[in-house]
Amino acid sequence: MSIVAKIQPCNQLISDIHNDMSCLLSPFDPQRVVYWGGVLKSSTGKHVYLRQYHTLGRSEDCHTILTRSDISRIHAIIFWQDDRWSIQDKSTNGVWVNDKKLVKDKPSVLQEGDTIVLSSKVGEVFTMVNVNEPCDLMVSIDSNQSPIYLQKPTTKVSEKLAFSYQSSNWNLIQSYSTQSENRKISDGEVIQILGNRYYLQSNRSEMKTCQNRPVVRTIEDLSFRLEVSDDEEDIQLFISDSEQSSVINGHRLQNQLYLLLCLARKSIADHAHGYAESHCGWLGLNELSHALGIEPENTRIRLHRLRTRLRDAASFSGIDACQILQLQNGDVRLNTTKVIVIKGGRAENDFACH
């Protein structure tokens, strides 16, 4: 089975940093490595560094992509909740922990040393080798290098290179003879250090589990309400089930929320025209990107981040966020009938992106 880590492409690779960083950029040595965060080790020898909410399956939207044909699109979810790791079977062909088959959709707590098998009991085996809480790290792409674990507020890699946590983002700081460069790096962004490519895996581990989040077992469990200012510069998303609600807002999230606004308007318009449910809400990725004024690859990145926000705002049990924000064959949609847009205090009937 081929394992692929899900990363976001980056158009610019930072130039090689030729400094002595042997303490951080050394070949992986299982005899001396110190694990941080949640880590799985495959029977093939590869390591999976777990996100706070980590999906495994065949879908290109999964964090760890498994290419075997008997693996479901979203086969399993491993997540950090209530100060422990749990796994949940989402598949057709099953998940086994310590040779015991899990009940589908029922979370099972993971302990250090537990073995996990997906679909076939004679297939690849994953072992839970560390059960600490999620952490931020730089993960090697090209070679079997140890990850670079990031400690807040600053992780110094060398005399000329450091990572600094500022305003809820990681920044890369490079020092030169006459000046220094300080720029934000995004989750999944690739940089090159001493001839090896690494990508940032950022886990918002400071965000503790919310006890009153909406619970999602089916698509119809959630209702979405977008409240939009007259100038559309301020957008708030309210998500609710029959009992609980949560909100996604903030200045830094407006680009993501405007993307969702475009999808919501298209969904509302298509349902108003009486289109079949399977055809409602779809927008071409290029068309959506044109409306947003960005490149299609940047639209994909915003979708990925928006899905992550949804996972933070609601407790997904029966489905995953990628089934609500769908990306399929170059088309995108918000897959729900329960969405309303309130602009300037009134429900709107103008469904185009402005």
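Points worth noting:
- The relative contact order of segment 129-262 comes to 16 percent, based on Cα pairs under 8 Å that sit 6 or more residues apart.
- Annotation: amide H-H contacts under 5 Å for W170 (H modelled 1.01 Å from N, sequence separation of 5 or more, or interchain): I185.
- Diagonalising the gyration tensor over the Cα atoms of segment 273-354 and scaling each eigenvalue by 5 before taking the square root yields semi-axes of 20, 18, 15 Å, largest first.
- Mean Cα-pair separation over length for segment 47-151, i.e. relative contact order, pairs under 8 Å, 6 or more apart, %: 18
- Measuring max minus min along each principal axis, the C-alpha atoms of the chain give extents of 62, 60, 36 Å (largest first).
- Gyration tensor verdict on segment 208-354 (Cα atoms; rounded if a/c is under 1.5, prolate if a/b is larger than b/c, oblate otherwise): rounded
- Each residue of segment 183-190 was assigned a 3J(HN,Hα) from its phi angle through the Karplus expression (A = 6.51, B = -1.76, C = 1.60, θ = phi - 60°), giving 9, 6, 10, 9, 4, x, 5, 9 Hz with x at Gly and Pro.
- Computed label-point distance, nm, for sites Q254 and T218 using a 7 Å Cα→Cβ extension: 3.9
- Relative contact order (%) - the chain, alpha-carbon pairs under 8 angstrom, separation at least six: 14
- Comparing R333, R302, R183 in a Gaussian network model of the chain (Cα springs below 10 Å), the most mobile by mean-square fluctuation is R183.
- Heavy-atom accessible area order for Y198, Y49, Y275, largest first, 1.4 Å probe: Y275, Y49, Y198
The values are calculated or read from the model by the stated rules, or taken from the named source; none is laboratory data. Since the structure is predicted, the reported quantities are computational estimates derived from the model, not experimental observations. Cβ: placed from backbone, ideal geometry, glycine included. Neighbour counts: every protein chain shown. All accessible areas refer to the heavy atoms of the entire protein, side chains included, with ligands and DNA or RNA removed. Shrake-Rupley method; radii C 1.70, N 1.55, O 1.52, S 1.80 Å.
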